[in-house]
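Shown next, in C-alpha cells, is the structure this report addresses.
Throughout, read-outs are computed from the coordinates displayed, never taken from laboratory work. Because the structure is predicted, anything quoted here is derived from the model rather than measured. Quick reminder, even Gly has a Cβ in these numbers, built from the backbone with ideal geometry, and neighbours come from all protein chains shown.
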Amino acid sequence: MSHRLTVIGTGYLGATHAACMADLGFEVLGLDTDEEKIARLSAGELPVFEPGLEHVLRRNLAAGRLRFTTSYDEVAEFGDVHFLCVGTPQKANEYAADLSFLDDSITALAPRLRRACLVVGKSTVPVGTAERLSRLLTRLSPAGADAELAWNPEFLREGFAVADTLRPDRIVAGVRSDRAEKILREVYAQMLAGGTPFIVTDYPTAELVKVAANAFLATKISFINAMAEVCEASHADVTMLSEALSYDDRIGGKFLGPGLGFGGGCLPKDIRAFMARAGELGVDQALSFLREVDAINMRRRVRMVDLARGLLGGSFIGRTVGVLGAAFKPNSDDVRDSPALEVAATIRSQGGKVTVYDPKALANAKRVHPELDFGNSAHEAARDAHVVLLLTEWPEFRDMDPDELGQIVAERNIVDGRNALDPERWRSAGWHYRALGRP
C-alpha cells in the first residue's frame, strides 16, 4: 500500500487505530510525548484493557508494520497521512472541552511538514474546531496548502473497539478537496469494498456527527431512567416497560436498559461540551434538554445510595458494603466518571465500610479512589457485608450463585444497579432484592 500512516496520541483511540490500520497492511508509526507509554506499546503492552487489541498490537509489531516514537521529526518525515487521536477532556470547573492537546499536536507537527500530506482529525471536538485548525496548519506548515486537513470522527464503543475500527458501521469524511476525499477512500478501501457507507461532508457536519450521536444515546438512556423514576413512584416495573417499548421498531431496545446510568470518558463530557458550544453559537436553547438528560443521569447515582441506605435502616455508619463493579461498563477498565465508583465513594463518605471488586478496573480504581478498600474477588468484596451492590454488569456478577454468596454475607440484602439479576432467583434464596425502577 502506498500511503504511510502516523497516529498522534496513543491513548485508547490512538493505540486502537494504529494497531488496526497496521492490521490492514499499512506501515504505521504511532507518536506520543509520554516516553513510558511508548516503551510499553513498543514492548506489546497496552495502556488500557480492550478485548482482542493486545493480540492485534503484538501481531503487527512482530510483522514490522507498526512502530512507536516520541519524535515529531520522525513522524513528519515518515507519514503521508497523519491521524490526530489526542484527548479532548472536559475543562476543570466548566462544561467546555479542553483542546490544548489538539492545539499542541498541530503546533508541533505543522512546522515539520515539508511535503504534501493529509492531516486527519479523529478526536471528538466542538463544531468549528476543524476550521480553526485548518488555518493554523496552513499558516505553520512549510508545505502550506499542500498540508491539508480532513475531519474523520471515530465511533468506537469500548469493549468492541477492534471490530468497530476494522468493520465500522459508517465512515464520515469532512473534507475540502477531491484530493483529501480520494486519499481517505484509499486508506479505507478495504472497509468500503465490504460495503461500509462513506459519507462525504463539510467540516462542521463531520464534527457534529459524533457529538449528535452521543447526545442521542445519552438521551435514550436518560429517558428510560426517567421512566424508572415514574415506575418507582407508581409501583410499575421499568424492565417490563423497557421490553414492551423495545418491540416498537421506531424505538428499539438498544440503549434502553434502565439502571445506574451512563459514565465513561465520552458521553458525559461530550454532551457537556456540546451544550457549551451551543451557548457560544447563540443556540443554547436548542440543547437545553441535555441539561435534564445529564441531571436524570446523575440522579440515578443518588437514588442508588438511597436504596442501599434504606435497606440498612437509614444509616451506613458501622455497616459493611460490598460493591461489585468499578469500571463504567463491562469489558473495560475505564473508570472515568464511573457511576459505580461515585456510589462507592459516597457511601464511604456517609460512614460505610466499603470494599470494591472489579475484574479489570481495580488498578485504575485504586489510583482514583485510594481511600476505598478493594477485594480480589466478588466473594472477598461481599464478605460480611450488610448489603451488596451490583454496579457494573460483568458476566461473572450476573452468573453468581445467590445461595453461595449468601453463606458469606452478614445480611442477605442486594441492590441491583443494572437490572442484571433474576429477582425471583435471588428472593427465593432468601435475599432482600431491590433494583432501580422495580417494585
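Which of I251, I296, I106 moves most in a GNM of the chain, Cα contacts under 10 Å? Answer for the Gaussian network model of the chain: I251. The sum of -39500 (n - 2.57) across all DSSP H runs of n ≥ 4, divided by the residue count of the chain, sets its helix-only mean residue ellipticity at 222 nm to -13500 deg cm²/dmol. Taking amide H as placed 1.01 Å from N in the peptide plane, the amide H of N413 sits under 5 Å from that of V388, H432, each at least 5 places away or on another chain. Summarising the amide proton neighbourhood of A150: residues at separation of 5 or more, or on other chains, whose placed amide H is nearer than 5 Å comprise V119, V120, G121. Sparse packing (at most 12 other Cβ atoms within 10 Å of the Cβ) combined with a DSSP loop state is found for none of the GluC sites (Glu not before Pro) in the stretch 179-229. Taking neighbour Cβ counts within 10 Å as the exposure measure, how do T205, T6 sort from fewest upward? In increasing order of surrounding Cβ atoms, one gets T205, T6. Within the chain, antiparallel bridges make up roughly 5 percent of the DSSP beta bridges whose residues both belong there. Residues H17, H82, H235, ranked from the fewest to the most other C-beta atoms within 10 Å, line up as H235, H17, H82. Cα centroid distance between the stretch 296-336 and the stretch 362-439, in Å? Taking the Cα centre of each part, the stretch 296-336 and the stretch 362-439 sit 10 Å apart. State which entries of K269/K353; K220/K329; K122/K360; K37/K366 exceed 25 angstrom in Cα-Cα distance in the structure shown. Long pairs (Cα-Cα over 25 Å): K269/K353; K122/K360.
Which order do M298, M191 fall in if you start with the one that has the fewest other Cβ atoms within 10 Å? Write out the running numbers ahead of the final one.
Values: M298 14, M191 19.
Ordered from fewest to most neighbouring Cβ atoms within 10 Å, M298, M191 come out as M298, M191.
Highest mobility in the GNM of the chain, judged by mean-square fluctuation with C-alpha springs under 10 Å and restricted to L405, L389, L281, is found for L281. Taking K269, K182, K329 in turn, the Gaussian network model of the chain (Cα-Cα springs below 10 Å) assigns the largest fluctuation to K182.
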